Amino acid sequence: MTPDKPLPLLGLRILTFEQFGAGPFATMNLADLGAAILDPVMATRSSAEWVALLAGKVPVAPVLTLAEALDNPYLRDRGGELSIDHPLRHDLATVASAIRSDGARLTARPGPGYGADTASVLAEGGYSADEITQLRALGAV
């Protein structure tokens, strides 16, 4: 950057791997380190300001809520919105998998209903049909 443009992270201390594993940082987990070092700096601007400032310099994008993601024209234009016919909620809107196979998105299906696989999972775990019935009678499953 040129001297007439202030550096957005000026004053932020960059640690080498050796420094990160030594001294006061050795006992901090990554979340604590981020909170201690990055949070005060990141709080000085909005997400939109950071994206505009860092775009083209580092990989950067905002983290969106599901509602924001589904309202994003880029996502819609790229076929990233998916509607799943869920037994409890028809036309459930969600974000499609980014993974493609032979150019096609992976298919999506709703997960099993609550408890739908309980008997088969218990049977695979070695429980007999009578034991599963007893567990159901006790309200354990």
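All of the numbers you see were taken from the coordinates with simple rules; none came from a lab. Bear in mind the structure is a predicted one, so any value in this text is a computation, not a measurement. Quick reminder, even Gly has a Cβ in these numbers, built from the backbone with ideal geometry, and neighbours come from all protein chains shown.
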Once Lys and Arg get +1 and Asp and Glu get -1 on their Cβ, which of 88, 116, 98 lies farthest toward the positive end of the dipole of region 76-127? 98
Extend 7 Å from the Cα of residue 64 along its Cα-to-C-beta direction; within region 84-110, residues with backbone N under 19 Å of that point are 84, 92-100, 105-106
Step through the residues of region 96-112 one at a time and calculate ³J(HN,Hα) from phi using the Karplus curve (6.51 cos²θ - 1.76 cosθ + 1.60, θ = phi - 60°), rounding each to whole Hz and writing x for Gly and Pro. 6, 4, 7, 6, 10, 10, 6, x, 9, 5, 5, 6, 10, 9, x, x, x
Amide H neighbours of residue 96 under 5 Å, counting only residues 5+ apart in sequence or on other chains, H built in-plane at 1.01 Å? 81, 82
Plugging the Cβ-Cβ distance of residue 54 and residue 76 into 1/(1 + (r/R0)^6) at R0 = 25 Å yields, to the nearest 0.05, a FRET efficiency of 0.50
